[in-house]
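The values are calculated or read from the model by the stated rules, or taken from the named source; none is laboratory data. Nothing here was measured: the structure is a model prediction, and the numbers come from that model. We place every Cβ from the backbone using ideal geometry, glycine too, and count neighbours over all the protein chains shown.
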Amino acid sequence: MYLLPCYLACVGKVILQGVLMGVLDKLFGNSGKGAKGKPDFSDVRSGSSSTAPSSPGQGGVAQTRTYTVVAGDSLSKIAKREYGDASKWQRIYDANRDQIKNPDLIHPGQVLSLPREG
């Protein structure tokens, strides 16, 4: 008589674990019975990647990019488009003083250096 409650408790626990694992398998996509095998990394390529900005001291990569002026551009329009703030036109002017004598007068075809924000 004493063995029957213990047996039922053990069988109940096993059944409950099986039901729980079945629910978890359905939630997380494991088909059980051997699962899906090993993960496939065949499309992974070697190399490195970083979201950190590079500095001139690291590999000699400059902190600027270029922009070619088109008709209708002004330094403030370029600053608004590139930096999201028209008042940052001075940054572009300062980086290009060698070719911009008057900040109100830029010409289509000019290639300007755009310093990275930082």
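Please go through the stretch 76-101 and pick out each residue that is in contact (Cβ under 8 Å) with a residue 24 or more places away in the chain and aromatic (Phe, Trp, Tyr). Scanning the stretch 76-101 gives a single hit, Tyr83.
Filtering the stretch 68-109 to residues that are assigned to a loop (DSSP other than H, G, I, E, B), surrounded by fewer than 14 Cβ atoms within 10 Å (Cβ to Cβ) and of a type in the set (Asp, Glu) leaves Asp85, Asp98, Asp104. Of the residues screened, Ser49 is one that is assigned to a loop (DSSP other than H, G, I, E, B) and either at pLDDT below 60 or surrounded by 10 or more Cβ atoms within 10 Å (Cβ to Cβ) (or both).
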